[in-house]
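The values are calculated or read from the model by the stated rules, or taken from the named source; none is laboratory data. Small disclaimer: the values here were computed from a predicted structure and weren't measured. Virtual Cβ from ideal backbone geometry, glycine too; neighbours counted across all protein chains shown. Please note that ligands, DNA and RNA were not included when accessible areas were found on the heavy atoms of the full protein model with its side chains. Shrake-Rupley method; radii C 1.70, N 1.55, O 1.52, S 1.80 Å.
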Amino acid sequence: MGEHATPDPVGFIGLGNMGAPMARRLLEWPGGLTVCDLRPDAMLPFIDAGAQSVSTPAELAERARVLCVTVIDDAQVRDVVAGPHGALRTATPGTVIAVHSTISDRTAEQLAALCAERDVEFVDAPVSGGAPGAAKGALAVMVGGSELAVRRIRGPFGCFSNLLVHAGPVGAGTRMKLARNLLHFVAFTAATEAQRLAEAAGLDIGTLGKVVRHTDAITGGPGAIMLRDTTAAIDPDDFWHPILSHVRDLGEKDLGLALELGTRLDIPLPLAAAALARLGRGLGVAARIEQDAG
């Protein structure tokens, strides 16, 4: 709601695997919900639950003051916002268009410039947490946009998220999402490397998966070390130096042992080798081999 006395009516475009559970959480939004999707059958459950429906983004912008966009790619986002039947055809000044799709940060900046010509606020607001997080109202939303726009969206976004961060101006939300997903998919690739090593060693990789999920739930996984506000080298007198030096020592030892096992089993482990070479400096402390040589 922000500065408004009454809740903004919300429109939602794109009711796919991610959009549907997000929009479902908005059914109880006091400002009301209007949905839009190319597939009429995707809108039926929302209509049955009391939402309104329209056929085009332009029609949606006539009814809503906050528009949530969850479509597939940059081309679809451009069409929804600025196409022949796009939201900008009818959006009134002050409307907020929020794109949850993961798109190029440059696309976000370009669309924001078009929106500004109509006094419409554009925010890139990608989410993290998947459909299960949306269903629970537990998504993280990374927002790039103005302070005013962020105030306007906090209310409705609180229906499907329990963490909203203002990353910076338009484009910053997308850049944060890309960094977050870099970690996600590099970790997935590392998981496949670990599975190959375990399988070659005669282990049950399903059981390994159970161990990983169990311990990540306790330790927090990679996010557990993401606590500093800079990636610069750490001064030896800094609070974090002994902590992250300990992480480096354990990591280099275990990575070295895994690489030795991979060599014996003839299983290439390129990510493990890269991690061994880069872990210390990445953590902000010298690699142990460099430290010993010094």
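Being β-branched (Val, Ile, Thr) and touching a helix residue (DSSP H, G or I) at 6+ places or on another chain (Cβ under 6 Å) narrows it down to one of VAL123, VAL77, so name that one.
Result: VAL123 is the single residue among VAL123, VAL77 that is β-branched (Val, Ile, Thr) and touching a helix residue (DSSP H, G or I) at 6+ places or on another chain (Cβ under 6 Å).
Each row is one residue, and each column tells you yes or no for (1) in a helix (DSSP H, G or I); (2) open to solvent by 10 Å² or more (accessible area, probe 1.4 Å); (3) touching a Leu at 6+ places or on another chain (Cβ under 6 Å).
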{"site": "ARG25", "(1), (2), (3)": "yes, yes, no"}
{"site": "LEU38", "(1), (2), (3)": "no, yes, no"}
{"site": "ALA42", "(1), (2), (3)": "yes, yes, yes"}
{"site": "PRO45", "(1), (2), (3)": "yes, yes, no"}
{"site": "SER53", "(1), (2), (3)": "no, yes, no"}
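Could you tell me which numbered condition PRO21 fails, if it satisfies all but one of (1) open to solvent by 30 Å² or more (accessible area, probe 1.4 Å); (2) over 25 Å from PRO84 (Cβ atoms); (3) at pLDDT 95 or above?
Of (1) open to solvent by 30 Å² or more (accessible area, probe 1.4 Å); (2) over 25 Å from PRO84 (Cβ atoms); (3) at pLDDT 95 or above, only one is false for PRO21: (1).
Going by what's in this entry, would PRO222 be described as more than 25 Å from the chain's Cα centre (by Cα) and not hydrophobic (A, V, I, L, M, F, W, C)?
Against the criterion (more than 25 Å from the chain's Cα centre (by Cα) and not hydrophobic (A, V, I, L, M, F, W, C)), PRO222 does not qualify.
Which condition number does LEU60 fail, the rest of (1) closer than 19 Å to SER146 by Cβ; (2) free of Cβ contacts under 8 Å to residues at least 60 places away in the same chain; (3) out of contact with any helix residue (DSSP H, G or I) (no Cβ under 6 Å at 6 or more places or on another chain); (4) open to solvent by less than 10 Å² (accessible area, probe 1.4 Å) being met?
Of everything listed in (1) closer than 19 Å to SER146 by Cβ; (2) free of Cβ contacts under 8 Å to residues at least 60 places away in the same chain; (3) out of contact with any helix residue (DSSP H, G or I) (no Cβ under 6 Å at 6 or more places or on another chain); (4) open to solvent by less than 10 Å² (accessible area, probe 1.4 Å), LEU60 misses just condition (1).
Can you name the condition, by its number, that LEU182 falls short on among (1) assigned to a helix (DSSP H, G or I); (2) modelled with pLDDT under 95; (3) more than 25 Å from GLN110 (Cβ to Cβ); (4) not basic (Lys, Arg)?
Answer for LEU182: the failing condition is (3).
Table: residues versus (1) touching a Leu at 6+ places or on another chain (Cβ under 9 Å); (2) not in a helix (DSSP H, G or I).
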position: ASP216; (1), (2): no, no
position: ALA224; (1), (2): no, no
position: ASP229; (1), (2): no, yes
position: ALA233; (1), (2): no, yes
position: PRO242; (1), (2): no, no
position: VAL247; (1), (2): yes, no
position: LEU259; (1), (2): yes, no
position: ALA272; (1), (2): yes, no
position: ARG281; (1), (2): no, no
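For segment 221-241, name all the residues that are within 15 Å of ALA187 (Cα to Cα) and surrounded by 11 or more Cβ atoms within 10 Å (Cβ to Cβ).
Initial filter on segment 221-241 (within 15 Å of ALA187 (Cα to Cα)): 221-226.
Correct list: GLY221, PRO222, GLY223, ALA224, ILE225.
Using beta carbons and a limit of 8 Å, which pairs, at least six apart or on different chains, have the first residue in segment 82-98 and within 22 Å of VAL150 (Cα to Cα) and modelled with pLDDT of 95 or more and the second one assigned to a helix (DSSP H, G or I) and of a type in the set (Lys, Arg)?
Taking only residues 6 or more apart or on different chains, the pairs are VAL96/ARG152.
As an exercise: evaluate ALA217 against (1) under 22 Å from LYS136 (Cβ atoms); (2) at pLDDT 95 or above; (3) among the hydrophobic types (A, V, I, L, M, F, W, C); (4) open to solvent by 70 Å² or more (accessible area, probe 1.4 Å) and give the number of the one condition it does not meet.
So ALA217 meets the others, but not (2).
Tell me the residue from LEU250, LEU244 that is open to solvent by less than 60 Å² (accessible area, probe 1.4 Å) and either free of Cβ contacts under 8 Å to residues at least 24 places away in the same chain or of a type in the set (A, V, I, L, M, F, W, C) (or both), please. Give the derivation first.
Values: LEU250 fails: open to solvent by less than 60 Å² (accessible area, probe 1.4 Å).
Just one listed residue meets the conditions, LEU244.
Taking only segment 72-94 into account, find how many residues are crowded, with 24+ Cβ neighbours inside 10 Å and either at positive phi or of a type in the set (Val, Ile, Thr) (or both).
3
Report the residue count in segment 156-202 for those that are open to solvent by less than 30 Å² (accessible area, probe 1.4 Å) and more than 16 Å from the chain's Cα centre (by Cα).
Number of matching residues: 5.
Going through LEU250, LEU259, LEU244 one at a time, which residue ends up being within 29 Å of ALA198 (Cβ to Cβ) and at pLDDT 95 or above?
LEU259
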